[in-house]
Amino acid sequence: VENIRKLVNKKLDAYNETYPAKKMNLVIFDDALFHLLKVCRIINTASGNALLVGVGGSGKQSLTKLSSFICQQNFFQISLTKSYSESNLKEDIKNLYEMAGPLGKSVTFIMTDAEIKHETFLEMINSMLATGEIPGLHTKEDRDLIPLQQKTVYMKEAGQKGEDPSMLEMWIYFINRVKDNLHTVLCFSPVGTKFRTRAQKFPSLFSQCNIDWFLPWPEEALISVS
């Protein structure tokens, strides 16, 4: 455990050097280390998504940022403003699809309770986790253009010599590539009735995610941080 902790602290120092404006002063006690390893394992797996459940201040966001850095993934979190709407979220997700699909980059997309301005946000995330597609996200022009952008990669990774794949085959390949490379991490609080209601209304948020419960810190953790 001590050797792993030393490696993690080195990665934390590297993160703080790379992002001085977003510096994180973390104490990697045993409980935090185990959660960090869980998140790393989840997002480092193809189609791996996580649901982190715990009260505010338990370290969900910080450990996700560090996990994403350790796994060498692109980290994305929406910039919430008063005017941020469903169309803004669609535009952000569309950009993530571009990174994860045609560009083939691994992306960690984190969304917290505070960033859910409307329940329609969760409808989109629910669809994305369930099928990889969001109704109305891509126009007809996108559905014609994206498969053509993917053709070279498709032929290299999945196609056979002399094959002429259909647009539908390449679209399905694009969606599967996005599902493999785009890792959604949801950070929810179990306090109140919203958590239970969302579990009933948006089942894919729970069934398509690995759930990690952030329980109250043990005494050893409190002593370490103090």
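The values are calculated or read from the model by the stated rules, or taken from the named source; none is laboratory data. Remember, predicted model here, so these are calculated numbers, not experimental data. When we count neighbours, we look across all protein chains shown, and the Cβ atoms used for this are built from the backbone with ideal geometry, even at glycine. To get the accessible areas, we keep the full protein, side chains included, count just its heavy atoms, and leave off ligands, DNA and RNA. Shrake-Rupley method; radii C 1.70, N 1.55, O 1.52, S 1.80 Å.
Here's how it looks for F75: its modeled amide H is under 5 Å from those of T108, which are all 5 or more places away or on a different chain. Centroid-to-centroid, using Cα positions, the stretch 55-96 and the stretch 141-179 are 28 Å apart. Compactness of the stretch 113-226, taken as the C-alpha radius of gyration over 2.2 N^0.38 Å, stands at 1.50.
In the context of the full set of protein chains, the stretch 76-115 has a per residue accessible area of 45 Å² (1.4 Å probe). The simple Förster model, with R0 at 25 Å and r as the Cβ-Cβ distance, assigns R196 and E219 a FRET efficiency of 0.25. Across the chain, the convex hull enclosing all Cα atoms gives 146 Å³ per residue. Measuring with a 1.4 angstrom probe and ignoring ligands and nucleic acids, S207 comes out at about 80 Å² accessible.
The largest accessible area among E219, E133, E115 belongs to the first residue in E219, E133, E115, and the rest follow in falling order (1.4 Å probe, all chains). How big is the accessible area of W213 in square angstrom, nearest 10, if you roll a 1.4 angstrom probe over the protein chains? Ignoring ligands and nucleic acids, W213 comes out at about 130 Å². When the residues R143, R177, R41 are ordered by accessible surface, computed with a 1.4 Å probe over the protein chains alone, the sequence from largest down reads R41, R143, R177.
Positive contributions from Lys and Arg (+1) and negative ones from Asp and Glu (-1), summed over other residues with Cβ under 10 Å from the Cβ of A158, come out at -1.
Rank these residues by their accessible area, most exposed first, probe 1.4 Å: L66, L80.
L80, L66
Accessible surface for M170 stands near 0 Å², nearest 10, in the context of the full protein assembly shown (1.4 Å probe). Per DSSP H run of n ≥ 4, the term is -39500 (n - 2.57); total these for the chain, divide by its residue number, and report the mean residue ellipticity at 222 nm rounded to 500 deg cm²/dmol. Using -39500 (n - 2.57) per qualifying helix, the result is -17000 deg cm²/dmol.
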